[in-house]
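Working notes, structure below.
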Amino acid sequence: MGSGIPELLDKKHHDRSDIMALLQCREEEAPLLFRKAASVRDRYVGTHVYLRGLIEYSNICGKNCLYCGVRRDNVRIDRYTLTREEVLEAAMTAYNLSFGSIAIQSGENSSKVFVDTIEELVRTIREMTDGKLGITLSLGEQSRETYQRWFDAGAHRYLLRIEASSEALYRRVHPDDDMHRYHRRLECLKVIQETGYQTGTGVMVGLPFQTMGDLADDIIFMRDFDIDMCGMGPFIEHTDTPLGERGTDNLFLKERFNLTLRMIAILRIIMKDINIVASTAMQTIDPAGREKAISCGANVVMPNLTPARYRAGYQIYEGKPGYREINESNVSGLNLDLIPGMSLGLGTWGDTPHFGRRINAR
Ligand code: 5AD
Ligand code: SF4
C-alpha cells in the first residue's frame, strides 16, 4: 500500500513515484501540500516577495517555437526594439521604486549589434545605480563568450527555461531544425551555470503531449541540475501559432493552473531554498493567480515595466496583461491582503541562500 499525503510530505527524500503521487493527490488533500510548501518557503527563504522589474527589450526573435506568439513566422505582430533611453528609464523606475532587481527579456538574437548593446546597457545600468540594482538576463541561447561578456558587464542571474526536460517532448513542441536542438539548450544552461550566474530554468505545464511522468521528471531535472531559480507557468494557446490554432478550452486552462500550483509546491518542498517565480501566465488565467502561487511556495514576482505602447507586441500567449499594473502606491501590483504574513522585499537583490551554498560547496 502506498503512503498517504501527510506521510509523503514528511519524507526527507522524494522519488519519482512520490512526486507523481503528490501531483495527482485528491483535491481535498492539495491544501496540505500547499501549506507545507508555504511553511518550507517561510523557513528557508523567508516571508518576503522579491520584485524583478521586467523589461521586454525586443520581440524580434530568430526562433520559431511552436507554442509562442512571438515566433519568427508570426507576421501578425509589429516588431519592436526599445531604445537605449527607454531601457534606462525603465531601469531607473525599478530603482526608484526600490525594486531589488530588473530582468531584461527578449526574443532570441545573437547579432553583434544585439550582443554589444546588451553589454553596454548592463554596464550603464550598474553604473547608474551604484551597483545596487540586480540584473537578470533572459535572452536565450548564446555563445559561451557572450554569456561571459554579459556576466563581466555586471549581470548576475540568467534565466533559460528548458521548456520541457524530456527530449522527446521538447522535439514535439519545436521545429525539427538546428535552431531548436534540445542538446544545445541543455549545453547553454550548463555554460550559464559554469560562467557563475545564478541559474534559472523552468518548464511549461500542460503542453500538448505532456504526461504526469514528464512533469515529475521536470522536477527531478531541476533538482539534479541544482538550479537556483525557477519560473514555471501554464501553457496558454496563442491562436497564431501551430499549437494554438484550434483555440483553448477554459476547463483545461483551469486544470493547468491547478497543476502548476502543485508543481510549484512540490518543487519548493524538494528544493527548499531556491527562488520561485509566481508567473504572469498564472495571473492571466486567474486574476489572483500570482497570489495563489505565493500561497503555494513562490517568492518572486516580475512586474512589467515595458513601456505601455509596446505591450501588444509581446503577446507570447493570448490574454497576457497589456496594461501597466504598477503604480506608486502598489509597486508590485499584488493584492497583499490575499497573502497574509508576506511582505515585499524592497531595496535588496533577494538572492537565494541556495546560490551561496552551491558556490561555497565547489
Ligand atoms: N504559453 C505559456 N508560456 C509560454 N511561453 C512561450 N509561449 C507560451 C505559451 N503559449 C513561455 C516560454 C518562454 C517564456 C518567455 O514564455 O516558457 O520561455
Ligand atoms: Fe522566441 Fe522565446 Fe518565443 Fe521561442 S519562446 S519563439 S525563443 S520568444
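The values are calculated or read from the model by the stated rules, or taken from the named source; none is laboratory data. Note that the coordinates shown come from a computational prediction; the quantities given were computed from them, not determined experimentally. Reconstructed Cβ throughout: ideal geometry from the backbone, glycine too, with neighbour counts over all protein chains shown. Accessible surface areas use protein heavy atoms only, side chains included; no ligands, DNA or RNA. Shrake-Rupley method; radii C 1.70, N 1.55, O 1.52, S 1.80 Å.
General observations
- Residues that are under 22 Å from residue 90 (Cβ atoms) and either more than 16 Å from ligand 2 (Cβ to nearest atom) or assigned to a helix (DSSP H, G or I) (or both), drawn from region 130-148: 130, 131, 132, 133, 134, 135
- Helices (runs of 4 or more DSSP H) fully within region 251-362 counting 2 or more residues that are modelled with pLDDT under 95 and away from ligand 1 (no atom under 16 Å from the Cβ): 353-360
- Just one residue in the set 40, 75, 45, 70 is at pLDDT 95 or above and surrounded by fewer than 19 Cβ atoms within 10 Å (Cβ to Cβ); that residue is 75.
- In region 56-76, residue farthest from ligand 1 (Cβ to nearest atom) [restricted to those that are of a type in the set (A, V, I, L, M) and under 23 Å from the mean Cα position of the chain (by Cα)]: 60
- Any hit, region 156-164, residues being of a type outside the set (Asp, Glu), at pLDDT 95 or above, open to solvent by less than 50 Å² (accessible area, probe 1.4 Å) and more than 16 Å from ligand 2 (Cβ to nearest atom): yes
One line per residue, one yes/no per condition, for (1) within 30 Å of residue 75 (Cα to Cα); (2) within 17 Å of the chain's Cα centre (by Cα):
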position	(1), (2)
260	no, yes
269	no, no
282	yes, yes
305	yes, yes
311	yes, no
315	yes, yes
335	no, no
347	no, no
361	no, no
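- Test: residue in region 148-156 that is within 15 Å of ligand 1 (Cβ to nearest atom) and among the hydrophobic types (A, V, I, L, M, F, W, C): no
- Number of positions in region 61-87 that are hydrophobic (A, V, I, L, M, F, W, C) and under 23 Å from residue 203 (Cα atoms): 5
- Condition check for residue 185: within 13 Å of ligand 1 (Cβ to nearest atom) and not in a helix (DSSP H, G or I): no
- Residue check, residue 163 touching a residue at least 60 places away in the same chain (Cβ under 8 Å), within 13 Å of ligand 1 (Cβ to nearest atom) and of a type outside the set (A, V, I, L, M): yes
- Candidate set from region 8-34 (those that are open to solvent by 100 Å² or more (accessible area, probe 1.4 Å) and part of a helix (DSSP H, G or I)); member that is nearest to residue 222 (Cα to Cα): 16
- The residue that is nearest to residue 71 (Cα to Cα), among those in region 301-352 that are open to solvent by 50 Å² or more (accessible area, probe 1.4 Å) and of a type in the set (Phe, Trp, Tyr), is 323.
- All positions within region 48-67 that are of a type in the set (Phe, Trp, Tyr) and either free of Cβ contacts under 8 Å to residues at least 40 places away in the same chain or surrounded by fewer than 23 Cβ atoms within 10 Å (Cβ to Cβ) (or both): 67
- Being open to solvent by 60 Å² or more (accessible area, probe 1.4 Å), away from ligand 2 (no atom under 16 Å from the Cβ), out of contact with any strand residue (DSSP E or B) (no Cβ under 8 Å at 6 or more places or on another chain) and among the charged types (D, E, K, R) holds for only one residue in 127, 86, 119, and it is 127.
- Here residue 287 clears all of (1) within 16 Å of ligand 2 (Cβ to nearest atom); (2) open to solvent by 30 Å² or more (accessible area, probe 1.4 Å); (3) closer than 20 Å to residue 54 by Cα except the condition numbered (1).
- Enumeration of residues in region 207-250 that are open to solvent by 10 Å² or more (accessible area, probe 1.4 Å), of a type in the set (D, E, K, R) and more than 15 Å from ligand 1 (Cβ to nearest atom): 217, 223, 224, 226
- Of the residues making up region 110-122, at least one is assigned to a loop (DSSP other than H, G, I, E, B), more than 17 Å from the chain's Cα centre (by Cα) and modelled with pLDDT of 95 or more.
- Each residue in region 130-155 was checked for being open to solvent by less than 10 Å² (accessible area, probe 1.4 Å) and free of Cβ contacts under 8 Å to residues at least 12 places away in the same chain, and 0 pass.
- Residue in region 190-202 that is open to solvent by less than 10 Å² (accessible area, probe 1.4 Å), assigned to a loop (DSSP other than H, G, I, E, B) and touching a Gly at 6+ places or on another chain (Cβ under 9 Å) present: yes
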